[in-house]
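The values are calculated or read from the model by the stated rules, or taken from the named source; none is laboratory data. Note that the coordinates shown come from a computational prediction; the quantities given were computed from them, not determined experimentally. A quick note on method: Cβ atoms are made from the backbone with ideal geometry, for glycine too, and the neighbour counts reach across all protein chains shown. Each accessible area value is taken on the protein alone, full model and side chains, heavy atoms only, with ligands, DNA and RNA left out. Shrake-Rupley method; radii C 1.70, N 1.55, O 1.52, S 1.80 Å.
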Amino acid sequence: MSEVETEKKVVQEETAAVKGGELLFCGTTGWDTVGRRKLSSEVNLVSPTRLRPLIGIDIRLVVSGCASCHCVALDVEGRCYTWGRNEKGQLGHGDTIQRDRPTVVSELSKHKIIGAGAGRNHTVVVTKDRVSFSFGWNKHGQLGSGSSKNEIEPSPVRCVVSEVKTATCGADFTVWLTSVEGASILTAGLPQYGQLGHGTDNEYNTRDSSVRLAYEPQPRPKALASLAAETIVKVACGTNHTVAVDSNGFVYSWGFGGYGRLGHREQKDEWVPRRVDIFTKHNVLPPNAVISAGSVNSACTAGGGQLYMWGKIKTTGDDWMYPKPVMDLSGWNIRCMDSGSMHHFVGADNSCISWGHAQSGELGYGPDGQKSSAVPKKVDILDGMHVISVACGFAHSMVVVDRANVGDRLDQLDVYDGKASTEGSEGPKSKSSVAKRSTKKGAAVKTSEKPKKRKKSEDSSESEENDAEEEDAENDDSGENSDDSDEQVNGQVEQKRQRGGKASGRGRGKAAARKPTEKSPGRGRARPPLEEKTADSARGKGKSGRRGRPKKL
């Protein structure tokens, strides 16, 4: 391609990118509790809803992540809006106060923001000048600032990357694409499953005599040596895996391999990029291909616009160990797609399509519609609207629709006001104290519920894997993946869990304190009175065999 043609193409892309529209949101607004405990249905927006602060503003791009409980929106003027959970400063406002309303990141106002990525607790943006900034949690060096000394950066810091074209985030790592020859893709952050693609997980023992494992942070973005000869043009990140496409249309994947999400017909982790053999020869990806990565799956469009998916596609049934065509979407012109924790959104033709497992209304089917869908299904309320951009988060979705040719249909949609930032809370501190108080009351009951809920949340995130070794590794790191207050709360829960056993023992003691004349229902004549049996049991506690059992009368 000649230099003039290249220049024309860039201008066309920039012109097309200026197009903006109305942002619609569906899913949970309970940012501080989602993924941690059961949410009230009152905080869920089950239909695509307009956000009051963004009405009339031309939004050109929306961004979230499959592990993210916060949102990013960019308008045509280059302003960056963020809202949602903010316990690690991932909104970039210089504090850790939750925002229910989209708020402009004031420290980025002198830059024109054209791209962004969102991780579990961090955010990365790209400016028109090809500079990248990041903010939020930096324990694993995922901000790419060259240092992980400051664990939390609530205000934008500059990434040590130049000539950046785009950036995207996994849960605790970041990937940048640049125009630097031989270094078109760079990564930084947590290397635990090889998701950085450098051939190592940087694992080490925390102490010489300890079996507890840790993973050395990589705070300085590093180019992937194995892809130095290729020019990577597209990239998508799941919780702990990465999918990329080069200029020849070949697809590569690496990182955590559970459920077959890498597409290599096996569940092995890959520490360096490995080419997906389905997309070779006559089935390479076209230049306008769309790629997406969810928490446990991956997707892309190949020849003829056919959508392929692989990994854990449904909550039940077999996993797709290699890319398979999604026949329900054959013939659709898919322009954009994103994947959340276990749900997907697609903008195709003049329709918006969603499917997957959902609990908070993130599929946008409305109050009378179904919660989840195993097959792709139109979002009826948006039928006929041209979708410009889509984004899926942990339990929410965002869609940008073109205001042209929709008449007054947007005016008929609900509007969400949200709370002002002053009504928000610091999050970690208040949450910690509430959680501690709740565990003190009714320890015997609460402790039986708490571990189950904790287990469920782990199962729904990356640490839900069946592989025991990996589960241990993820659980070891759960303190790192949660905020500091969570660690304290979990410590309380563990202690209460141990005391819970004693509590049940005390319960037996109360039963034993009943009056001798009071008989328990269903006890036979041959059995001793409850008082005698409990006393004998207490004396025999800790002994094995028949010796501890009460004698028959």
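Annotation note: of 200, 206, 178, the sole residue that is of a type in the set (Val, Ile, Thr) and crowded, with 16+ Cβ neighbours inside 10 Å is 178. Scanning region 137-151 for residues that are open to solvent by 60 Å² or more (accessible area, probe 1.4 Å) and in a strand (DSSP E or B) yields a total of 0. Entry remark, region 74-105: residues being part of a strand (DSSP E or B), open to solvent by less than 10 Å² (accessible area, probe 1.4 Å) and more than 18 Å from residue 21 (Cβ to Cβ) number 3 in total.
Mind checking which residues of region 164-194 are touching a His at 6+ places or on another chain (Cβ under 6 Å) and part of a loop (DSSP other than H, G, I, E, B)? Answer for region 164-194, where residues must be touching a His at 6+ places or on another chain (Cβ under 6 Å) and part of a loop (DSSP other than H, G, I, E, B): 172, 190. Residue 340 falls short on exactly one of the conditions (1) free of Cβ contacts under 8 Å to residues at least 12 places away in the same chain; (2) crowded, with 19+ Cβ neighbours inside 10 Å, and that condition is (1).
Only residues that are modelled with pLDDT of 95 or more and surrounded by fewer than 21 Cβ atoms within 10 Å (Cβ to Cβ): list them for region 351-362, please. Hits for region 351-362 are 351, 357. Can you give me the number of residues within region 360-385 that are in contact (Cβ under 8 Å) with a residue 40 or more places away in the chain and part of a loop (DSSP other than H, G, I, E, B)? So the answer is 10.
Considering only region 85-94, I want to know if a residue exists there that is over 19 Å from the mean Cα position of the chain (by Cα) and not basic (Lys, Arg). Checked against the condition, which is being over 19 Å from the mean Cα position of the chain (by Cα) and not basic (Lys, Arg), region 85-94 yields at least one hit. Scoring residue 318 on the criteria (1) open to solvent by 40 Å² or more (accessible area, probe 1.4 Å); (2) touching a residue at least 24 places away in the same chain (Cβ under 8 Å); (3) assigned to a loop (DSSP other than H, G, I, E, B) leaves a single failure, condition (2).
Listed by first and then second residue, the pairs linking a residue in region 8-30 that is within 30 Å of residue 371 (Cβ to Cβ) to a residue that is at pLDDT 50 or above and part of a helix (DSSP H, G or I), with Cβ atoms under 7 Å apart and 6 or more places separating them unless they lie on different chains, are 22/410; 23/54; 28/43; 29/43; 30/43. Select from region 257-275 the residues that are open to solvent by less than 10 Å² (accessible area, probe 1.4 Å) and either within 18 Å of residue 223 (Cα to Cα) or not charged (D, E, K, R) (or both) and list them in ascending order. Within region 257-275, 257, 258, 260, 262, 263 meet the criteria.
So that you can scan it fast, the table gives a plain yes or no per residue for (1) closer than 25 Å to residue 242 by Cβ; (2) at pLDDT below 95:
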site: 28; (1), (2): no, no
site: 41; (1), (2): no, yes
site: 52; (1), (2): no, no
site: 55; (1), (2): no, no
site: 71; (1), (2): yes, no
site: 82; (1), (2): yes, no
site: 95; (1), (2): no, no
site: 113; (1), (2): yes, no
